[in-house]
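Novice: Take this structure, written in C-alpha cells, and hold onto it; I'll ask about it next.
Only the coordinates and a few stated rules stand behind these numbers; no lab work does. This one's a predicted model, so the numbers in the text were calculated from it and none came from an experiment. Don't worry about glycine lacking a Cβ; one is built from the backbone with ideal geometry, like all the others, and counts go over all protein chains shown.
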Amino acid sequence: MRFLRHLAAAALVVAAVVLLGLAWAHFGASTLVSGVGHQVQQELAAGGTHGPGIYGFGHAELGLGSMLDPANLPVLRHTVVIEIAVIAGVVILDVMRLWARRADRRDWLAQSQYRSEDDADE
Amino acid sequence: VSGSPATSPADTATGIGRRRKVAARVRLDFWFDLVLLLGFTLAYSFGFTGIAIHEWLGLGLGVAFLLHLTLHWDWVIRTTKNLFRPRAHDKLIYAVNLALLLAMTFCIASGILISRVALPYLGIYPLGGAFWTRLHILTAEVTLGLVPVHVALRWRWIVQVARRLLGWRPARRRG
C-alpha cells in the first residue's frame, strides 16, 4: 500500500514534468528549434555511417544487428569513457574535499590543544 | 538485516555470511541501480544498439526510472522538507537529482513522441516533430552528463555496499 502511494506520487511528479514539456512545445517551441529542426531531422534520417534506418524515412532496417557489428563498438566506448571520466572527476573532487576537511579539523584540534596547554601553564 | 542471522564460519569464510548481512533493500537498490546505469549506457549509445533496441530499452528505462523514483520517495520527501534549513545536507545531491529528473523525464517523453519503431509496433503513431527531436537529443546529452554525477555523489555508499556484497576486504595495516 505504501509502495503504491509512493508510486502514485512519483507518477504525478513525472506527469507534471511532462505537462511542463508539452506547455513548452506549445508556447515556446521556437526557443529550441529555430532553424535547427530540419538539420536534426536530416541527421537522424541519415543515421550516420553505421546507423540504422528509421521508420518513416524510406527503409525499414531496424538495426538489430548493430550490436554485433564491431564497427559500432566505438559508439559504446565513447559513452563509457564519458561516464567514467565524469565519475572519476567527481570522486577526485570529493576525496580532495574530505582531505581538506580532515586537515582543517586536525588544525582546529591542534590549536585547541595548544590553547588548553597555554591556559594550564597560566 | 535480511535472511538468517546465524552464519557458519564456513559461510563467513566464503563471503556468503557477509552477503547475508546486507539488507535486502540495500541489495535491491544496488543491483537495480547498476542495471539502470548499464541500461542507460546502452540506450544512449544509439549507434551501437540500433533504433529498435534503443527505443524498447528507452521504454523499459522509463518504467525503471519511475520505479527508482518510487523506491527513493522517502528520501525525496525528507530532503525536500530539510532543504531550507541553514545546515541542510544533500543540497548539491538534491539539485543534481532535480535536474536529472527534469532531463530524464523530458528525454523519455520526447523519445516516446518521436518513436518510429516501438510505438508503431504497438499500433500507436506519434506525431513527432522537430521540437521533440531536438529536445530528445539535448536532454539525452544533459542526462549523460548528470547520470555519472548522480552515481559519483554516492561513491562512498557504492564502495561500502560493493565491498560487503562482493566480499572485498579493505587492506589492513600490520604493525
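Novice: Over all alpha-carbon pairs of the stretch B:82-134, lay out the pair-distance distribution in 10 Å bins, whole %, shortest bin first.
Specialist: It works out to 22, 32, 19, 16, 10, 1, in whole percents.
Novice: Here is a further query. What is the mean number of Cβ atoms from other protein chains located within 10 Å of the Cβ atom of each residue in peptide B:50-62, rounded to a whole number? Present the calculation step by step, with values, prior to reporting the outcome.
Specialist: Working: counts 15, 13, 7, 6, 4, 2, 0, 0, 0, 0, 0, 0, 1.
Per residue, the number of nearby Cβ atoms from other chains is 4 on average.
Novice: Something else: Through the Karplus equation 6.51 cos²θ - 1.76 cosθ + 1.60, θ set to phi - 60°, convert the phi angles of the stretch A:68-74 into ³J(HN,Hα) values in whole Hz; use x for Gly and Pro.
Specialist: Values, residue by residue: 8, 8, x, 5, 8, 4, x Hz.
Novice: Hey, got the average number of other protein chain Cβ atoms within 10 angstrom for residues in B:98-108?
Specialist: For this peptide, the per-residue mean of nearby foreign Cβ atoms is 2.
Novice: Let me ask another. Give me the inter-chain shielding for B:138-150: mean count of other chain Cβ atoms within 10 Å, whole number please. Please list the in-between numbers first.
Specialist: On the way: counts 2, 1, 0, 1, 0, 0, 4, 3, 1, 4, 10, 5, 3.
Average neighbour count from other chains, rounded to a whole number: 3.
Novice: Report the percentage of all Cα-Cα pairs in the stretch B:119-171 whose separation exceeds 14 Å, rounded to a whole percent.
Specialist: Working: 994 of 1378 pairs.
More than 14 Å apart: 72 percent of the Cα pairs in the stretch B:119-171.
Novice: Beyond 19 Å, what percent of the Cα pairs of the stretch B:83-175 remain? Please list the in-between numbers first.
Specialist: On the way: 2647 of 4278 pairs.
I get 62 percent for the Cα pairs in the stretch B:83-175 exceeding 19 Å.
Novice: For the ranges A:88-98, B:30-40, what's the packing order if you count other beta-carbon atoms within 10 Å of each residue, average per peptide, and put the highest first?
Specialist: Details: A:88-98: 12.8, B:30-40: 15.6.
In decreasing order of mean packing, A:88-98, B:30-40 become B:30-40, A:88-98.
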